[in-house]
Number of protein chains: 2
Amino acid sequence: MGTNQLQTEATTVKRLPARASYERDEAYAVLDEGLIAHVGIAVDGQPFVIPMVYGRDGDRLLLHGSVASRLLRTLDTGTPVCVTVTILDGLVLARSQFHHSMNYRSVVVLGTATRLGDPAAAAAALECIVDHIVPGRPAEARPGNDAELRQTTVLELPIEAASVKRRTGGPIDDDADLDLGIWAGVVPVHLSIGEPVPDPDLGDVALPASLDPYRRP
Amino acid sequence: MGTNQLQTEATTVKRLPARASYERDEAYAVLDEGLIAHVGIAVDGQPFVIPMVYGRDGDRLLLHGSVASRLLRTLDTGTPVCVTVTILDGLVLARSQFHHSMNYRSVVVLGTATRLGDPAAAAAALECIVDHIVPGRPAEARPGNDAELRQTTVLELPIEAASVKRRTGGPIDDDADLDLGIWAGVVPVHLSIGEPVPDPDLGDVALPASLDPYRRP
């Protein structure tokens, strides 16, 4: 494991630095809870931001996509990338419109990605990505075969330069607004998991162990 | 309202074009349902992707932030921007690891943003952003004053070049995998709203009308 401090000049948060952290364990907690990353690259100065699934294995972020993907092919040239994962925790309603805000946790990882050329390493990384979304699932589903691996580009991004930013707690109103009689507080939000919907062709196959946490109480 | 087709060379989806759309009404449905945008800019070839709240007024996306924000100051120079909004709808579990997927809807808007210098236009845009997050809230909370407006940069991005991409439905497994006896289907996910938590200093102020939809049944 690298240093615990992920701060670099590029990852230093300029606005509201009290909300920032560069601790590896805080970054990993957000990366492990999130499901979707927004991956940014620039092509001739034009940024493109694309949602992607991902995984984390130790100090590496893992990304994948079709070998035909323009984004993946560009990443494979060593172009700088930014991977951002955001978890929304609440809507913050203040007495003034100005102090309305969001509670959230986000991680920004900067670096360059490298393609995993070794088939065994690529296959392990793909299992890690599936396991990130549904823990335990790789043991249940058919593993990738050679033809599928050849259709897939797998990239690793070392987590060495990153920042965490988060806001928690209630609204911070001006003192002069406290007695206006306007409701203020936080509306919590979170991602909810619904009842699994079996494939119509499934037949008599029971819900797998990996989906236990997703069953409604 | 501009043309209904938002397709340009830069917004043309290359991978899985059957999942793409360039219709204005489809893009607006996603933008109006989303809460957080991931905003990307490039500085000397290094992309930065930052989560932001936003609003939509007709054919404009509205963004705001502190006048001290590096991102906002960079946008104000007319640098190309990419604004991406993603709504996750489900985890798609296939019999093979390879065919695991996500159901989602996402919009990518490309363009350049312009600062709203007119105070009345900026104030109206800020109300639009608050109203996007909690419809009806601007009528309840204290409006911004001149000092607050001076601390805020408000930008508009014309929605003229964009793409929508979405996946719906169940897993698409290989025929050879259908009889493996492995569970396959979709786990729906959605953003859930919790019980509002009043500010400790609130006193005897009732929950406002804007939060009616957020009350638990």
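Counting charges near B:Thr74 (Lys, Arg +1; Asp, Glu -1) among other residues having Cβ under 15 Å from its Cβ returns a value of +3. Taking all C-alpha pairs of the stretch A:98-148, those more than 12 Å from each other amount to 76 percent. Take each residue of peptide B:122-130, count the partner chain Cβ atoms within 10 Å of its Cβ, and average: the result is 1. For the stretch B:1-111, taking the reciprocal of the average inverse distance between every pair of different Cα atoms yields a Kirkwood hydrodynamic radius of 15.8 Å. Averaging 1/r over every pair of different alpha carbons in the protein assembly as shown and inverting the result gives a Kirkwood radius of 22.8 Å.
Residues of the stretch A:24-66 falling in the label zone of A:Ile172, defined by backbone nitrogen less than 16 Å from a point 7 Å along Cα to beta-carbon, are absent. Here is how far apart the A:Arg19 label points are across copies: 3.1 nm, shortest first, using a point 7 Å from Cα toward Cβ. Across the stretch A:71-217, the convex hull enclosing all Cα atoms gives 193 Å³ per residue. In sequence order, the stretch B:85-102 has phi-based couplings of 10, 10, 10, 8, 10, x, 9, 9, 9, 9, 5, 9, 4, 4, 8, 4, 7, 10 Hz under the Karplus curve 6.51 cos²θ - 1.76 cosθ + 1.60, θ = phi - 60°, and Gly or Pro positions carry x. Taking K and R as +1 and D and E as -1, what net charge do the other residues with C-beta under 9 Å from the C-beta of B:Asn103 add up to? Once all neighbours under 9 Å are counted, the net charge is +2.
In this calculation the C-beta distance from A:Thr12 to A:Asp179 is compared with R0 = 45 Å, giving a FRET efficiency of 0.70. The A:Ala206 and A:Thr112 beta-carbon pair, evaluated with R₀ = 35 Å, returns a calculated FRET efficiency of approximately 0.20.
Taken residue by residue and averaged, Cβ atoms of other chains lying within 10 Å of the Cβ of B:31-39 number 4.
What is the Å³ per residue value for the convex hull set by the Cα atoms of the stretch B:175-217?
It is 131 Å³ per residue.
For B:Asp174, the distances from its label point to the matching points in the remaining copies are 6.6 nm, ordered from shortest, with each point set 7 Å beyond Cα toward Cβ.
For B:Ala121, the label point sits 7 Å beyond Cα toward Cβ; its separations from the matching points on the remaining copies run 5.2 nm, from shortest to longest.
What GluC sites (Glu not before Pro) in the stretch A:1-41 are in a loop by DSSP, with at most 14 other Cβ atoms within 10 Å of the Cβ?
Answer in residue order: A:Glu9.
Put in line by how crowded their Cβ is, counting other Cβ atoms within 10 Å and starting with the fewest, B:Cys128, B:Cys82 read B:Cys128, B:Cys82. Partner lysines whose Cα lies under 17 Å from the Cα of A:Lys165, excluding those fewer than 8 positions away in the same chain, are identified as A:Lys14. In the stretch A:142-217, the alpha-carbon atoms span a convex hull of 262 Å³ per residue.
Listing A:Ile36, B:Ile172, B:Ile41 from fewest to most neighbouring C-beta atoms within 10 Å gives B:Ile172, A:Ile36, B:Ile41. So what is the relative contact order of chain B, in percent, for Cα pairs below 8 Å that sit 6 or more residues apart? Once divided by the residue count of chain B, the mean separation gives 26 percent.
We did not get these values from a lab; they are worked out from the coordinates using the rules stated. Fair warning: this is a prediction, and the values are worked out from it, not measured in the lab. When we count neighbours, we look across all protein chains shown, and the Cβ atoms used for this are built from the backbone with ideal geometry, even at glycine.
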